[in-house]
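Chemist: The structure that follows is given in the form of structure tokens.
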Amino acid sequence: MLLYRINRLRAVGGGMVLRYCEGRFGVTRREWVMLALLNASGPVTSSELAARAELDKSATSKALVGLLARGLVVRSHREGDRRFTQLSLSPEGQVLHDRIRPVVEEINRRLLSSLHEAEVEQLDRMLDRLQSQADQLWREAEEGLPRADRRHRGARRWRA
């Protein structure tokens, strides 16, 4: 069960990242993802950030509220169009990102240390192919996938 095994790996590795982020740096995993994406992308809209983080807009908004309140992220108007606001790291946010990133990289390095360099490269290529396949499957199946009825407290309907 590929997805189960990947989820277990993510739970352990991600759990370590979470403990460091919250315990040492005072940010949630979701906030760390926002900091990392803003560092990589530069100024973006909150919708673009939500798409890159693969989160819904409300989860992204919740994470951004805390980051904005602590001055780690700033809003600015898009040049030439004041209707759009963009988000970027503040200098304090950049400093925090630069403190967290080596910790996360070290966890990833240690996870991969049981593999030879060629195996890491092969795994990277295989993960790219698996991601492409998953994206294709999602596009093909998205409309036909069942949904929970959120109007009735997320009740799920099971049919034989």
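Chemist: For L115, state whether it is at pLDDT 95 or above and assigned to a loop (DSSP other than H, G, I, E, B).
Modeler: Yes, satisfied.
Chemist: What are the pairs, 6+ residues apart or on separate chains, where a residue within region 1-20 that is closer than 14 Å to L111 by Cα and of a type outside the set (S, T, N, Q) has its Cβ under 6 Å from a residue that is open to solvent by 100 Å² or more (accessible area, probe 1.4 Å) and part of a helix (DSSP H, G or I)?
Modeler: none
Chemist: So T45 clears everything in (1) within 26 Å of L127 (Cα to Cα); (2) in contact (Cβ under 8 Å) with a residue 24 or more places away in the chain except one condition, right? Which one?
Modeler: Result: T45 passes all but (1).
Chemist: Sort out which residues of region 113-126 are open to solvent by 70 Å² or more (accessible area, probe 1.4 Å) and either touching a Pro at 6+ places or on another chain (Cβ under 6 Å) or under 22 Å from G15 (Cα atoms) (or both), and write them in order of number.
Modeler: S113, S114, D124
Chemist: Does any residue of region 121-144 turn out to be among the charged types (D, E, K, R), more than 21 Å from the chain's Cα centre (by Cα) and at pLDDT 95 or above?
Modeler: Scanning region 121-144 turns up at least one residue that is among the charged types (D, E, K, R), more than 21 Å from the chain's Cα centre (by Cα) and at pLDDT 95 or above.
The values are calculated or read from the model by the stated rules, or taken from the named source; none is laboratory data. The model shown is predicted, which means the values in this text are computed figures rather than measured ones. Cβ sites come from the backbone with ideal geometry, for glycine too, and all protein chains shown count toward neighbours. Note: accessible area is taken over every heavy atom of the protein model, side chains too, but ligands, DNA and RNA are not part of it. Shrake-Rupley method; radii C 1.70, N 1.55, O 1.52, S 1.80 Å.
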